[in-house]
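**Student:** Below you will find the structure I want to go over with you.
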Amino acid sequence: MIYEFEYYLKYNLVKKKSPDPNEASALMKKAEGRLKYSIKARDINENTSTYIFEDIYECLREAGQALMSLKGYKPYSHEALISFLKEFFNFSEEDIVNFDRYRILRNKAVYKGEKISVDMCKEALMFLEKFFPKLKKEFNRLK
């Protein structure tokens, strides 16, 4: 469950800091590199779907964290990042819900060894192709 952003601040799951455009740019470049060299460079199949899915999520997380850095926040939870995007930007509820759903699936893959199906990976890739440009647009607007 994603709480209001204030919750994450109150419980030290986000720290307020000075905006850091250099960190933000580095995170966005890393997300773009992951998209170009790790995600789009591989074929999705039964052997690769879990790993590509994890990279899809990381790409979105890095881009989102770049926005946080521009606004002067450092997340210490993935939920805090999603709450930040929900509170500070005009992303659709559907986008936020999907990002959170992929967060949960990624955690299951990373921490429980669950496999991500080819279909789920392809769905996440379509979401990435739709949502990443929105994150990038906000990044360019803020920097």
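**Student:** Test Ser77 against the stated conditions and say whether it is within 19 Å of Tyr8 (Cα to Cα), of a type in the set (Gly, Ala, Ser), crowded, with 24+ Cβ neighbours inside 10 Å and more than 10 Å from the chain's Cα centre (by Cα). Can you show your working first?
**Tutor:** Working: within 19 Å of Tyr8 (Cα to Cα): yes; of a type in the set (Gly, Ala, Ser): yes; crowded, with 24+ Cβ neighbours inside 10 Å: no; more than 10 Å from the chain's Cα centre (by Cα): yes.
Here the answer is no, as Ser77 does not meet what is asked.
**Student:** Same structure again: From Ile39, Ile56, Ile52, grab the single residue that is more than 20 Å from Tyr3 (Cβ to Cβ), at pLDDT below 95, crowded, with 16+ Cβ neighbours inside 10 Å and of a type in the set (A, V, I, L, M, F, W, C). Can you show your working first?
**Tutor:** Numbers: Ile56 fails: at pLDDT below 95; Ile52 fails: at pLDDT below 95.
Only one candidate passes the filter, namely Ile39.
**Student:** Condition first: over 24 Å from Asp43 (Cα atoms), surrounded by 12 or more Cβ atoms within 10 Å (Cβ to Cβ) and either without any contact (Cβ under 8 Å) to a residue 24 or more places away in the chain or among the β-branched types (Val, Ile, Thr) (or both). Now tell me which residues in region 88-115 satisfy that.
**Tutor:** Of everything in region 88-115, those that are over 24 Å from Asp43 (Cα atoms), surrounded by 12 or more Cβ atoms within 10 Å (Cβ to Cβ) and either without any contact (Cβ under 8 Å) to a residue 24 or more places away in the chain or among the β-branched types (Val, Ile, Thr) (or both) turn out to be Ile96, Val97.
**Student:** Please list, ordered by first then second residue, the pairs with beta carbon atoms under 7 Å, 6 or more apart or interchain, first in region 116-131 and in a helix (DSSP H, G or I), second exposed (fewer than 14 other Cβ atoms within 10 Å of the Cβ).
**Tutor:** Final answer for the pair search is Val118/Asn45; Val118/Glu46.
**Student:** For region 109-130, indicate whether the set of residues that are closer than 20 Å to Pro21 by Cα, modelled with pLDDT of 95 or more and either of a type outside the set (A, V, I, L, M, F, W, C) or in contact with a Pro (Cβ under 9 Å, 6 or more places away or on another chain) (or both) is non-empty.
**Tutor:** Of region 109-130, the ones closer than 20 Å to Pro21 by Cα are none.
No - not one qualifying residue is present in region 109-130.
**Student:** Go through region 62-74 and give me each residue that's within 11 Å of Leu13 (Cβ to Cβ) and touching a residue at least 60 places away in the same chain (Cβ under 8 Å). Please lay out each step first, then the result.
**Tutor:** Here is the first cut: in region 62-74, the residues within 11 Å of Leu13 (Cβ to Cβ) are 73-74.
Within region 62-74, Lys74 is the sole residue that qualifies.
**Student:** Does Lys29 satisfy the criteria of being more than 16 Å from the chain's Cα centre (by Cα), without any contact (Cβ under 8 Å) to a residue 40 or more places away in the chain and on the phi < 0 side of the Ramachandran plot?
**Tutor:** Working: more than 16 Å from the chain's Cα centre (by Cα): no; without any contact (Cβ under 8 Å) to a residue 40 or more places away in the chain: yes; on the phi < 0 side of the Ramachandran plot: yes.
Here the answer is no, as Lys29 does not meet what is asked.
**Student:** From Lys36, Lys15, grab the single residue that is of a type outside the set (A, V, I, L, M) and free of Cβ contacts under 8 Å to residues at least 12 places away in the same chain. So that I can check it myself, show each step before the final result.
**Tutor:** Details: Lys15 fails: free of Cβ contacts under 8 Å to residues at least 12 places away in the same chain.
Unique residue meeting the criteria: Lys36.
**Student:** On to the next question. Looking at the structure I just gave you, is Glu46 of a type outside the set (Phe, Trp, Tyr) and surrounded by fewer than 14 Cβ atoms within 10 Å (Cβ to Cβ)? Don't jump to the end; show me each part of the working.
**Tutor:** Numbers: of a type outside the set (Phe, Trp, Tyr): yes; surrounded by fewer than 14 Cβ atoms within 10 Å (Cβ to Cβ): yes.
Yes; evaluated as a whole, the condition is true for this residue.
The values are calculated or read from the model by the stated rules, or taken from the named source; none is laboratory data. The model shown is predicted, which means the values in this text are computed figures rather than measured ones. Cβ sites come from the backbone with ideal geometry, for glycine too, and all protein chains shown count toward neighbours.
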